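Encoded as structure tokens, the structure appears first; notes follow it.
The values are calculated or read from the model by the stated rules, or taken from the named source; none is laboratory data. Remember, predicted model here, so these are calculated numbers, not experimental data. We place every Cβ from the backbone using ideal geometry, glycine too, and count neighbours over all the protein chains shown.
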């Protein structure tokens, strides 16, 4: 059993609200949950200090830890220089919210990282977006250094070699961590095991949503992600590593996520069984 791996669920995937969602998971032995930072019930600009304390107490009363808040500012995310200052301020507010409610991680959906511009004469990459994302990344490193929250980049859409080189370009000490998304890598034609190898020093979380190679989402365990091998790799990392099941499929989300969590428990006990 991989003792450095803690299992849980991205609660917003249930589409039930926080209290009803935790009630629906009663009996599933969920150790940790993740929440959307800019959701209907949880917003840095509307949740009072009292509301934050009550949320933290409520989650603890259900026997789970609040592993992460996930912050997605939408649009071009952090690749748009025109909205970068405003979006970084929103992320600072989300980090304060994470501190107040006792979330260990703030997962930032920063946006797609384009390849570095090639040598003269070749096709040009999106140098402006890459430079803006690097500026955002440096700001996130400063945020991670100044708060108790561990800030994690959400990766998966770009080539893992591109992402590793990009992050190392402004953060050689791995202050900025990573939420590994194996399903997204498979969906975009990349090998998540290679991603884990290249980004191992940064991986603090993993989103457990399955996908078909080059296609859409699958019920957990029915896609093309080699979860057993990934659990073996995750077990070698310095923990704790939170693995949170997510789901974007239509249907009975509670049943889908409960089944995914049960399969994750089996994988933690015996990843190659």
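Only residues that are over 24 Å from residue 66 (Cα atoms) and part of a loop (DSSP other than H, G, I, E, B) were counted in region 149-171, giving 4. Would you pick out the residues in region 217-263 that are out of contact with any helix residue (DSSP H, G or I) (no Cβ under 8 Å at 6 or more places or on another chain) and within 19 Å of residue 107 (Cβ to Cβ)? If the condition is that a residue be out of contact with any helix residue (DSSP H, G or I) (no Cβ under 8 Å at 6 or more places or on another chain) and within 19 Å of residue 107 (Cβ to Cβ), then 237, 238, 239, 240, 242, 244, 260, 261 are the ones that fit.
Go through 179, 191 for me and flag whichever is in contact with a helix residue (DSSP H, G or I) (Cβ under 8 Å, 6 or more places away or on another chain) and on the phi < 0 side of the Ramachandran plot.
Working: 179 fails: in contact with a helix residue (DSSP H, G or I) (Cβ under 8 Å, 6 or more places away or on another chain).
When all the criteria are applied, what remains is 191.
Here residue 39 passes the criteria (1) surrounded by 18 or more Cβ atoms within 10 Å (Cβ to Cβ); (2) farther than 12 Å from residue 103 by Cα except the one numbered (1).
For residue 113, indicate whether it is surrounded by 15 or more Cβ atoms within 10 Å (Cβ to Cβ), in a loop (DSSP other than H, G, I, E, B) and touching a helix residue (DSSP H, G or I) at 6+ places or on another chain (Cβ under 8 Å). Spell out how you get there, then give the answer.
Details: surrounded by 15 or more Cβ atoms within 10 Å (Cβ to Cβ): yes; in a loop (DSSP other than H, G, I, E, B): yes; touching a helix residue (DSSP H, G or I) at 6+ places or on another chain (Cβ under 8 Å): yes.
Yes, satisfied.
For region 172-273, which fully contained helices (runs of 4 or more DSSP H) count at least 1 residues that are surrounded by fewer than 16 Cβ atoms within 10 Å (Cβ to Cβ) and modelled with pLDDT of 95 or more? Qualifying helices (runs of 4 or more DSSP H): 192-199, 227-235, 253-269.
Of all the numbered requirements in (1) assigned to a helix (DSSP H, G or I); (2) buried (at least 22 other Cβ atoms within 10 Å of the Cβ); (3) in contact with a helix residue (DSSP H, G or I) (Cβ under 8 Å, 6 or more places away or on another chain), residue 106 misses one, and that requirement is (1). Annotation: residue 20 fulfils all but one of (1) more than 27 Å from residue 237 (Cα to Cα); (2) surrounded by 18 or more Cβ atoms within 10 Å (Cβ to Cβ); the unmet one is (2). The set of residues from region 1-35 being under 17 Å from the mean Cα position of the chain (by Cα), without any contact (Cβ under 8 Å) to a residue 60 or more places away in the chain and over 20 Å from residue 251 (Cβ atoms) comprises just one member, 31. Only a single criterion out of (1) surrounded by 15 or more Cβ atoms within 10 Å (Cβ to Cβ); (2) in contact with a strand residue (DSSP E or B) (Cβ under 9 Å, 6 or more places away or on another chain) is not satisfied by residue 130, namely (2). Is it true that some residue in region 117-136 is in contact with a helix residue (DSSP H, G or I) (Cβ under 8 Å, 6 or more places away or on another chain), touching a residue at least 12 places away in the same chain (Cβ under 8 Å) and within 20 Å of residue 38 (Cα to Cα)? Yes: one or more hits.
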